[in-house]
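Step one of this worksheet: look at the structure below.
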Amino acid sequence: MKARIIPECVWRVAATLGEGAVWHAASRCVVFVDIKGRRLYRYDSDTAVCRSWVAPGQIGFALPCVDGNWICGVQGGLYRFAFATGSFSRVLPVETDRPGNRLNDGFVDRTGALWFGSMDDGEREPSGQLYHVGLDGGLSVRDSGYVITNGPTASPDGRTLYHTDTLQRVVYAFDLADDGSLQRKRVFTAIEGTGYPDGMAVDEEGCVWVALFGGGRIERFSPDGRCIGRVDFPCSNITKLAFGGDDLQTVYATTARKGLTDEALREQPLAGGLFTFRAPVKGLPSTDCAVAFSEAVSVATIGQP
């Protein structure tokens, strides 16, 4: 990335904690969330039409499913969401015995299985865990001991899972088997300079792009963990990115206002916005979630345009 890339803000949504950007090719939309604002957002890339829905709790991610619905990580469980009706319905309770925790970032691997993390909402206790939901709907813990989990994603061949320990400023790599088991946990890279590793995405060359909360940038790492590029933003808290567009070279990135002082917000008027830029390399196409979730156990129809 020798030429300087300048991100453009396409939606000044002013999210408190924007997160979870995902490109949905079928609808040519970007979907993301505001965790603290408890909202689900959709941006139409063709028309620039912006819509939002109220979630039933702090919402960490929203990912498309093969049945046309979306699966959302909301505090206390996984919820099915339908844009047509704006309704959320819980399909799987998660950590209802840990009221101080909430769900954070999520990802669907090449098999259609779901990965997501939990974390201490107070950002102090190592009560966060990395979860896997297999195609049969079975929920299992794959790693633990995190204060803030983030950014699960995988290599182009699907054999390496990347996962972030945000407060320790470390991105880990695991060997990933088809059954969702993990082996050989090791440090992929440790962040240097300012910022904490947040959401991630992988390009077709196997390089890992890491958003840096408090760092004002996204960094690109080679498959062996070397930093080989960066994209600077006009705001501090970069939280997640997704490759989109017809050629998967249009990147969308979420940002956050959380933790910024009034003075910093005056200096960063675009903080919390949805940004885009053109990447010099293609990203990987996303996979729809194919998990066979059970019927809903509760319904909250609280969506609004």
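The values are calculated or read from the model by the stated rules, or taken from the named source; none is laboratory data. Just so we're clear, the structure is a prediction, and the values are computed from it rather than from any experiment. Neighbour counts run over all protein chains shown; Cβ positions are idealised from the backbone, glycine included.
Return a yes/no flag: does region 245-252 have any residue that is within 16 Å of the chain's Cα centre (by Cα) and in contact (Cβ under 8 Å) with a residue 24 or more places away in the chain.
Yes - at least one qualifying residue is present in region 245-252.
Would you check which residues across region 244-274 are touching a Cys at 6+ places or on another chain (Cβ under 8 Å) and part of a strand (DSSP E or B) and list them? Of everything in region 244-274, those that are touching a Cys at 6+ places or on another chain (Cβ under 8 Å) and part of a strand (DSSP E or B) turn out to be Thr255, Leu274.
If the condition is being closer than 17 Å to Pro156 by Cβ and assigned to a strand (DSSP E or B), then region 192-218 contributes Met200, Ala201, Val202, Asp203, Val208, Trp209, Val210. Filtered by the rule that a residue be of a type in the set (Val, Ile, Thr), part of a loop (DSSP other than H, G, I, E, B) and buried (at least 24 other Cβ atoms within 10 Å of the Cβ), region 5-38 gives a lone residue, Ile35.
Looking at the structure I just gave you, is Pro64 assigned to a strand (DSSP E or B), touching a Phe, Trp or Tyr at 6+ places or on another chain (Cβ under 6 Å), over 18 Å from Phe275 (Cα atoms) and of a type outside the set (Val, Ile, Thr)? Yes; evaluated as a whole, the condition is true for this residue. Pairs linking a residue in region 93-121 that is surrounded by fewer than 24 Cβ atoms within 10 Å (Cβ to Cβ) to a residue that is modelled with pLDDT under 95 and hydrophobic (A, V, I, L, M, F, W, C), with Cβ atoms under 8 Å and 6 or more positions apart or on different chains, are Pro93/Val297.
Has region 263-281 got at least one residue that is surrounded by fewer than 20 Cβ atoms within 10 Å (Cβ to Cβ) and of a type in the set (Gly, Ala, Ser)? Yes, region 263-281 contains a residue that is surrounded by fewer than 20 Cβ atoms within 10 Å (Cβ to Cβ) and of a type in the set (Gly, Ala, Ser). You will find that of Asp203, Asp178, Asp198, Asp224, the residue that is on the phi < 0 side of the Ramachandran plot and modelled with pLDDT under 95 is Asp178 and no other.
Looking only at residues of region 166-201 that are of a type in the set (D, E, K, R) and free of Cβ contacts under 8 Å to residues at least 40 places away in the same chain, we find that the one that is surrounded by the most Cβ atoms within 10 Å (Cβ to Cβ) is Arg169. Of all residues in region 129-156 being part of a loop (DSSP other than H, G, I, E, B) and without any contact (Cβ under 8 Å) to a residue 40 or more places away in the chain, which is surrounded by the fewest Cβ atoms within 10 Å (Cβ to Cβ)? Only one residue tops the list, namely Gly138. Can we say Ala279 is under 17 Å from Ala211 (Cβ atoms), in contact (Cβ under 8 Å) with a residue 60 or more places away in the chain and touching a Cys at 6+ places or on another chain (Cβ under 6 Å)? So Ala279 does not fit the description; no.
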